[in-house]
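One structure is given here, and the rest of the page talks about it.
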Amino acid sequence: MIIAATIAYSPLLRQALTMNTHTNDARPRPEIGARLDQLCLQSPDPKRLASFFERVYDMQVRSLPGGLIECAAAQRRVLVTQGTANRVAFVGYAFPDAAALSDQRAAVAARGVALLANPSPLFDEGAFAVRDPDGNQVVFGIRPLETVASEPLPGRLQHAVFRTTRLDEMVDFYEQKLRFIPSDKVRDGEGVMRACFLRTDIEHHALAIFRSPETRLDHFSFETTDWEHIRRWADDFSVKRVPIFWGVGRHGPGNDLFFMVKDPDDNLVEISAEIEQVPSDRVMGTWPHEERTLNVWGNAIMRS
Ligand SMILES: [Fe+2]
């Protein structure tokens, strides 16, 4: 535990320790090998929310069967459906091929989790869903990695974050049943877990879960390429009169640069960059429950 904490507290040391990335690390990866591909937001006013993503994130809007609205641009897809604000209908993780999806289906079924029908029109019939302890549906499907030409404002859907009143149960489900791997956990002075960052591939987290008095979506992230593009996104938001709500900052766990705005439903939407790429043998870190953990540059939004 002391070693893990030391690693977490020293960004330079951590950077040095994570130099052995996938490009020169031939060891087999321990993760399931999926990535966040899509999420479906519930909204009391789906058209208003979809219009926001169309205008602010340059996404194309179209209607899909079942009353869903798709907002899409290169490497980012958000669906919107009628429902309760700040809750997702589902989050979708994509594998690159049928064999990897089949492995996950078998592993999840073997762990006693009920397999549900796929609710996403963006995955084919091979996809399946499960329900987490908070009732969020998690869908697994197939989508080959998109290669995209250079674009002025790249932003790849990269991670989602939930707030929950039952953190231990949620983390146990994602870790033990869905085989997500915890990269870092946040614990308070009494040793109680307050947050957990979990990965599904080489990137530090594809999902994070925060202890909170309320159960809801906290935020989701569009990962851009670098610091320069953080600036470009912020300037673009300025022109569109969308104010920054939190940031610019750097998260402790994940080491990513970020800022966040709010959508019309009060969801936080993050632009991030330079999220940590983890070595295959990365030791899980432990961080203290304090503002500096969430933003090593300054103030933070404490969820509990
Ligand atoms: Fe984030």
Going by what's in this entry, would ARG163 be described as buried (at least 18 other Cβ atoms within 10 Å of the Cβ) and part of a loop (DSSP other than H, G, I, E, B)? no
Kindly evaluate MET193 against the criterion of being closer than 29 Å to ILE32 by Cα and more than 16 Å from the ligand (Cβ to nearest atom). yes
Pull up the stretch 248-263, narrow it to residues that are in contact with a Phe, Trp or Tyr (Cβ under 7 Å, 6 or more places away or on another chain) and assigned to a loop (DSSP other than H, G, I, E, B), then point me to the one that is modelled with the highest pLDDT. ASP263
Please determine whether any residue of the stretch 213-232 is crowded, with 22+ Cβ neighbours inside 10 Å, away from the ligand (no atom under 14 Å from the Cβ) and more than 20 Å from GLU151 (Cβ to Cβ). no
Go through the residues of the stretch 226-247 one by one and say whether even a single one is charged (D, E, K, R), out of contact with any Pro (no Cβ under 6 Å at 6 or more places or on another chain), part of a strand (DSSP E or B) and outside the structural domain of VAL138 (by TED's automatic domain parsing). no
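Looking only at residues that are assigned to a loop (DSSP other than H, G, I, E, B) and surrounded by fewer than 21 Cβ atoms within 10 Å (Cβ to Cβ) in the stretch 264-273, which one is farthest from the ligand (Cβ to nearest atom)?
Within the stretch 264-273, the subset assigned to a loop (DSSP other than H, G, I, E, B) is 264-267.
Those left that are additionally surrounded by fewer than 21 Cβ atoms within 10 Å (Cβ to Cβ): 264-266.
Values: PRO264: 20, ASP265: 17, ASP266: 16 Å.
Ranking the candidates gives PRO264 first.
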Confirm whether GLN75 is at pLDDT below 95, crowded, with 18+ Cβ neighbours inside 10 Å and out of contact with any Cys (no Cβ under 9 Å at 6 or more places or on another chain). yes
Might you let me know whether the stretch 92-100 holds any residue that is touching an Asp or Glu at 6+ places or on another chain (Cβ under 9 Å) and either assigned to a loop (DSSP other than H, G, I, E, B) or of a type in the set (D, E, K, R) (or both)? no
Inspect the stretch 156-172 for any residue being basic (Lys, Arg) and either within 16 Å of the ligand (Cβ to nearest atom) or within 20 Å of ILE301 (Cβ to Cβ) (or both) and give the result as yes or no. yes
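The values are calculated or read from the model by the stated rules, or taken from the named source; none is laboratory data. From a predicted model like this one, the values you see are computed outputs, not experimental measurements. Cβ atoms come from the backbone with ideal geometry, glycine included; neighbour counts cover every protein chain shown.
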